[in-house]
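I have placed the structure first, in the form of structure tokens, so that the comments after it can refer back to it.
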Amino acid sequence: MSPVPAPNRRADAQRSRAAILEAAIRLLPEARMDAVAAEAGVTRQTVYAHFPSRSQLHSAVLDRITEEALAAMDAADLDSGPAADALLRLVDAAARTLGRYPQLALWSDTTSEGERHAPVAERLRRLISRGQRDGEFDDALSTDWLVSVVIAVGHAEADLGEEETHRSRRTTLLRVVGHQRHL
């Protein structure tokens, strides 16, 4: 009789980590380690094996949500059509993703916020540069300044109600980049 092979520990660990992250996302912003463990169906020790501290768990959750937002932005086909339309698709995609996590605003992580914004800023930089190069956006302001303003508008949006933000966001961003479209 041959011995029964041991389960694939790596796959089990990946499933546990994914379950822990999903549980932490559902429990935002509280996400106490014991509550996350119970929600994920694992022990506290398993949570701590993957995330030795609550701040590391928070950071991993924010990374996961950032990845989701980046995927949505990339799916918005930023290289096609007028730059203004692509800009609105990008910010709408990000807003839809982040809108699924309304408690996220209560869960700040300033230590790595710059790192998290870097891939977003790069997409915005490419897009705004294209709009400026094509004469669609005003080039009187630097691209980097406009990228910072677009990101700041996204943060300000978290403080407003949903109805007001959609139109305000679109109008503000088009005015910031110097686009003449009226909404």
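Read the figures in this text as sums done on the coordinates, not as results from a lab. Just so it is clear, the model here is predicted, and its values are computed rather than measured. So basically every Cβ, Gly included, is an ideal-geometry build from the backbone, and we count neighbours across all protein chains shown.
Using the average count of surrounding beta-carbon atoms within 10 Å as a protection proxy, the listed peptides 29-36, 171-178 rank, highest first, as 171-178, 29-36. Taking other residues whose beta carbon is less than 13 angstrom from the beta carbon of ARG89, and scoring Lys, Arg as +1 and Asp, Glu as -1, yields -1. What shape does the range 12-152 take by its C-alpha gyration tensor, where a ≥ b ≥ c are the square roots of the eigenvalues and a/c under 1.5 counts as rounded, a/b above b/c as prolate, and the rest as oblate? Prolate, since a/c reaches 1.5 and a/b exceeds b/c. What's the long-distance tail for the range 10-95, i.e. % of Cα pairs beyond 22 Å? When every Cα pair of the range 10-95 is considered, 40 percent fall beyond 22 Å.
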